[in-house]
Amino acid sequence: MKRYGWVIRVKPEKFEEYKKIHANVWPEVSESIKKHNIRNYSIYHKDGFLFGYWEYIGENLEDDMKAMSKSPKYKEWLSVCDPMQEPLETREKGEWWARMDEVFHQD
């Protein structure tokens, strides 16, 4: 299992809508997340930033992410959520949410 942290901005005028849609995540999206080996997924908010955390239990993250991105319902979900977000300028090429480096962990 590997832990991942990600960060992105949420547009201030879209934050309430973002919270509302995530309070009722579409079942197909939730199932796709599970199917592609993501567990313990949380999103936090502070001062216009969203921090996402999840644990990956699979063998090949890149393959799982590619497979999940091909799901029609997941694509539709992103078409709703992405316009509410503002990626960080410092993200890596190809990233929407910027991957964060873990600097401490304790079980």
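Coordinate-derived values only; no laboratory data. Keep in mind it's a predicted model, so treat the numbers as computed, not measured. No Cβ is skipped: glycine too gets one built from the backbone with ideal geometry, and neighbour counts run over all protein chains shown.
Out of residues 5 or more away from Leu50 or on other chains, whose amide H comes under 5 Å of its own, with H placed 1.01 Å from N in the peptide plane?
Ile8, Arg9, Val10
Take the alpha-carbon positions of the chain, form their convex hull, and give its projected area averaged over all directions (one quarter of the hull surface) in nm².
Projected area, direction-averaged: 7.3 nm².
To the nearest 500 deg cm²/dmol, what mean residue ellipticity at 222 nm is calculated for the chain from DSSP H runs of n ≥ 4 alone, each contributing -39,500 (n - 2.57), summed and divided by the residues?
On the way: 4 runs with 37 residues, N = 107.
Theoretical 222 nm ellipticity from helices: -10000 deg cm²/dmol.
Lys2: which lysines have alpha carbons under 27 Å from its alpha carbon, excluding same-chain residues fewer than 8 sequence positions away?
Within reach: Lys19, Lys34, Lys35, Lys46, Lys66, Lys70, Lys73, Lys75, Lys93.
Which whole-Hz ³J(HN,Hα) couplings does the stretch 29-36 yield from phi under the Karplus relation 6.51 cos²θ - 1.76 cosθ + 1.60, θ = phi - 60°, glycine and proline marked x?
Each residue's phi maps through the Karplus curve to give 6, 4, 5, 5, 4, 5, 4, 9 Hz.
Ranked highest first by the average count of other Cβ atoms within 10 Å around their residues, in what order do 44-56, 95-107 fall? All intermediate terms of the calculation are to be shown ahead of the outcome.
Values: 44-56: 13.4, 95-107: 9.2.
Ranking, from highest mean packing down: 44-56, 95-107.
What's the local net charge at Ala23, with K and R +1, D and E -1, over the other residues with C-beta under 14 Å away? Provide the component values of the computation, followed by the final result.
Values: positive: Lys19, Lys20; negative: Glu16, Glu17.
Taking every other residue near Ala23 into account, the sum is 0.
If packing is taken as the mean number of other Cβ atoms within 10 Å per residue, what is the order of 14-24, 76-86, highest first? Working shown, then result.
Details: 14-24: 12.0, 76-86: 14.2.
With the highest mean Cβ count within 10 Å placed first, the list reads 76-86, 14-24.
Taking the alpha-carbon distance from Lys14 and a cut-off under 16 Å, which aspartates and glutamates remain once sequence neighbours fewer than 8 residues away in the same chain are dropped?
Straight-distance partners of Lys14: Asp47, Asp82, Glu86.
When the Karplus curve 6.51 cos²θ - 1.76 cosθ + 1.60 is applied with θ = phi - 60°, which whole-Hz ³J(HN,Hα) does each residue of the stretch 84-92 get, with x for Gly and Pro?
For the stretch 84-92, the Karplus curve yields 8, 10, 10, x, 6, 5, 8, 5, 6 Hz.
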